[in-house]
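Notes to accompany the following structure.
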Amino acid sequence: MNSYNPHDVIYALATAWAKSAIAVVRVSGEGCIKALSGAIEGKRDICNLGSNTAYYCHLMDRQSSLEIDDVVLTVFRDGHGYTGEEAVEISCHGGLQIVKDVLAAMENLGFRQALPGEFTMRAFLHGKMDLTRAEAVNELINSRGRTGQTMALNRLNGALFDRINKIKAIIIEIMGIVEVQLDYSEGEIGEDLSFPMDKLDQAISELGRIKDSFRTGKLFGQGARVVLAGPSNAGKSSLFNLFLKEERSIVSSTLGTTRDYIEASCNIGGIPVRLYDTAGFRSLSESEIEEEGIRRSRSLMDAADVIIYMADCTDGSEPDDSVLSDSRCIAVLNKIDLGDVSRPGFIRLSVSTGQGFDELCNAIVAKLTSDVSVPDDSALVIESERQRKDLERAQTALEGARLAVENDLPLDIVSMDIQEALEALGELTGEVTTDDILDQIFGSFCVGK
Ligand SMILES: Nc1nc2c(ncn2[C@@H]2O[C@H](COP(=O)(O)OP(=O)(O)OP(=O)(O)O)[C@@H](O)[C@H]2O)c(=O)[nH]1
Ligand SMILES: [Mg+2]
């Protein structure tokens, strides 16, 4: 964050930009309480308030001398509060004009609008949290289901940080043994050195286990894309509405009802899902618009985690083999209320009666979790690609050290590999950081967090 200045007083709206009962504007930086006191009228001087105190008062526009709003200030000082520096949270009424006026007042006091994630970055810089916890804050805000939320909360409570530190302690112990040998021997593993291979293997396998939890974390944290596809009139929009439990997509017996795709979020078996209803395929499409819709259906299918290919059991036309042979595909034969028909490999479904719907949901969950483990509440699972890369780097470096020991290579090579692993884990938790890493992490946050 090159334009980032840790000495400015920063402010931002921490709640959504929408009419609401209450809005919260956050202010942080040394001197902010004194500066704000100039715009406050009330029974007490806010400069004399203790930390973590909520205080009802009037926020004034000093240029017009008019009141902006009755507000509640929560004052933080002495390392308390989220950022670990002097800070104030202003709870005002959530009308958009009020929020605009409060933000303008902050600007007039000489405060600077915060960059995305800047409050959390300050919390990190003031040692209030390490990088795994900082990332967990964002992951928690973005989590879309109970499981993802629990996993992010575990990381926010330090589960990942603690586990990494335990692995680091093992690696440091190995490093100690290697360094003693380096100091006192010829720089080779002597007869008398028993290298702690069991400890190295333990560290390698623990790193591998956490790294491999990434796919689970990504699935339950960020969710999956499920696309409904198939011939026109098969009942895709009807199924879309059944998943959402609302009449969202237009259903009609007219061919080519859905033209542009429609997307919505739902939850299937605890997995957050982005569901897409698409234009049905038919060779004789009547318009350019429908053709464009069909082209979009195809490109959505390319990016899907699961494709539900729906056929109509009363329609004898040939299914699309290119879709059916795709490993991401679940084939569904709809409208079985109209006839006792089955096709090999197809789940029998009636959207009208609900028959077969549970089986379809189970099949979707099975497909999405075929290569991941379903976590329990206490499971340590990561969902950050950055963390996965650091873990992989550490694991590869330790595997290099193992190979070097096995091949009787000089100890300083073993030592370099172990050092590399420690560096990777240091980057993961934030002991070692660069501007690029901080930019990448905090740039993806919302403004105000
Ligand atoms: N009997 C019966 N009719 C169904 C069932 N599912 C859908 N339909 C009917 O089939 C017709 C087409 O349904 P849609 O959901 O619009 O089909 P679609 O696949 O979205 O069609 P396009 O948008 O044109 O691609 C409607 O008249 C639905 O009421 C079912 O399970 N049984
Ligand atoms: Mg449709």
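Here are a few things to note about the model shown:
- Shape of the chain, Cα gyration tensor, a/c cut at 1.5: oblate
- Cα→Cβ-extended label distance, 7 Å offset, between residue 353 and residue 366, nm: 2.2
- Spacing of the two label points (7 Å from each Cα toward its C-beta) at residue 408 and residue 326, in nm: 5.6
- Förster radius 60 Å - calculated FRET efficiency between residue 266 and residue 198 (Cβ-Cβ, nearest 0.05): 0.80
- Heavy-atom accessible surface of the chain: percent carbon and sulfur, 1.4 Å: 49
- For region 396-449, the solvent-accessible area with a 1.4 angstrom probe is 47 square angstrom per residue.
- Under 12 Å from a label point set 7 Å out along the Cα-to-Cβ vector of residue 315, the amide N atoms of region 218-237 belong to 229-237.
- Taking every alpha-carbon pair under 8 Å whose residues sit at least 6 apart, the chain reaches a relative contact order of 17 percent.
- Taking packing as the residue-averaged number of other Cβ atoms within 10 angstrom, the listed peptides 353-359, 309-315, 257-263 run from highest to lowest as 309-315, 257-263, 353-359.
- Whole-Hz Karplus values for region 213-222 come out as 6, 4, 5, 4, x, 5, 5, 7, x, 9 Hz, taken residue by residue from phi with 6.51 cos²θ - 1.76 cosθ + 1.60 and θ = phi - 60°; glycine and proline positions read x.
- Additional length obtainable on full extension of the chain from residue 212 to residue 43, 0.36 nm per residue less Cα span: 55.1 nm
- Antiparallel bridges, percent of DSSP beta bridges restricted to the chain (to nearest 5): 60
- Potential lengthening of the chain between residue 172 and residue 97 amounts to 21.3 nm, from the contour at 0.36 nm per residue minus the alpha-carbon distance.
- The chain: most fluctuating residue of 274, 248, 133 per GNM, C-alpha cutoff 10 Å: 248
- Rounded, prolate or oblate (a/c below 1.5 giving rounded, otherwise prolate when a/b exceeds b/c) for region 10-128 by Cα gyration tensor: oblate
- Taking 7 Å steps out from each Cα toward its Cβ at residue 385 and residue 72 produces label points 4.1 nm apart.
- Compared with the direct C-alpha span, the chain from residue 113 to residue 51 gains 20.0 nm at full extension, assuming 0.36 nm per residue.
- In the structure shown, the pairs 166/211; 166/367; 34/100; 128/168 are assessed against 27 Å; a Cα-Cα span above that value is assigned to 166/367.
- Solvent-accessible area per residue, Å², over region 218-317 with all protein chains present [probe radius 1.4 Å]: 45
- Over all other residues within a Cβ to Cβ distance under 13 Å of residue 209, the charged ones net out to +1, with Lys and Arg as +1 and Asp and Glu as -1.
- Overall form of region 221-368 per C-alpha gyration tensor (a/c, 1.5; a/b vs b/c): rounded
- Take region 10-128 with all the other protein chains still there, run a 1.4 Å probe, and you get 46 Å² of accessible area per residue.
- Of all the options 159, 421, 39, the one that moves most in a Gaussian network model of the chain with Cα springs shorter than 10 angstrom is 39.
- Here residue 335 is the anchor, and the aspartates and glutamates within straight C-alpha reach of less than 12 Å, apart from those fewer than 8 places off in the same chain, are 312, 315.
The values are calculated or read from the model by the stated rules, or taken from the named source; none is laboratory data. Here the structure is a predicted model, which means the values were calculated and not measured. We place every Cβ from the backbone using ideal geometry, glycine too, and count neighbours over all the protein chains shown. These area figures cover heavy atoms from the full protein model, side chains too; ligands, DNA and RNA do not enter into them. Shrake-Rupley method; radii C 1.70, N 1.55, O 1.52, S 1.80 Å.
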